[in-house]
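One structure below.
Quick note: the coordinates plus some simple rules give every number you see, no bench work behind them. Keep in mind that this is a model prediction, so the values were computed, not measured. Using ideal geometry, Cβ is built from the backbone for each residue, glycine included, and neighbour counts are taken over all protein chains shown.
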Amino acid sequence: MSKTDLPILEQRRIEANVIKPIYQEMVAELGAERAGQILGDAIKKNAIAQGKAYAEAQTEPTSLAGFHALLPQWKADGALEVEMLSESDAAVDYNVTRCKYAEMYREMGLAEIGHLLSCGRDGTFCTGYDPRISLERTQTIMQGASHCDFRYTWSDGKNET
């Protein structure tokens, strides 16, 4: 896993500055829909790889608690304001009430793809970290909601039919 001292918000800003002209060129050549599909697919693959790298770097077995312990990295420098609703070994539920990632993408003129650049990573990152973790989210600030609803669950497969 390549680790940097940069807060994740700043990493995303740098990535977005590189992606923006590439995305604009893709839109010109392929149209916005196809360009968005390609970008979204690439970012999801990258998020899965990053999740796996985080898991492999841990000394303890992966768990929902271990995954949740990573949240401060995404909150660094006030990037996210979070309202914690509940935490257990089987579920972690919280709302993001302010998202500087969304604010940054809007300021950069990338509001139309901000959900691809950041929000789309969330569910696939946790899958890469451990496929027993899943995310259900019905809304995001980036796409106009008042808050993002993060609902992570752990499934060990024992009680499933």
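HN-Hα J couplings of the stretch 81-91 from phi, Karplus 6.51/-1.76/1.60, θ = phi - 60°, integer Hz, Gly and Pro as x?
10, 10, 10, 6, 9, 6, 9, 8, 5, 9, 7
Nearest 10 degrees is fine. How inclined is helix 120-129 to the longest principal axis of the chain, computing both from alpha carbons?
40 degrees
Once label points are set 7 Å from the Cα along Cα→Cβ at both Ala53 and Gln11, what is their separation, rounded to one decimal in nm?
0.7 nm
When only C-alpha pairs under 8 Å and at least 6 residues apart count, what is the relative contact order of the chain, in percent?
26 percent
Run the helix sum for the chain: -39,500 (n - 2.57) per DSSP H stretch of 4+ residues, divided by residue count, reported at 222 nm to the nearest 500 deg cm²/dmol.
Only helices count here, giving -15000 deg cm²/dmol.
Could you tell me which label, among [x] 0.93; [y] 1.12; [z] 1.06, carries the value of Cα Rg over 2.2 N^0.38 Å calculated for this structure?
Checking each listed value against the structure points to [z].
Order by neighbour count: Asp93, Asp41, fewest other Cβ atoms within 10 Å first, most last.
Sorted ascending by nearby Cβ count, the order is Asp41, Asp93.
Calculate, in nm to one decimal, what Lys20 and Ala90 gain on full extension: separation in residues at 0.36 nm each, minus their alpha carbon distance.
So the extension gain works out to 21.4 nm.
Placing +1 on the Cβ of each Lys and Arg and -1 on the Cβ of each Asp and Glu in the stretch 8-154, which of Gly66, Val96, Val27 has its Cα farthest towards the positive end of the resulting dipole?
Val27
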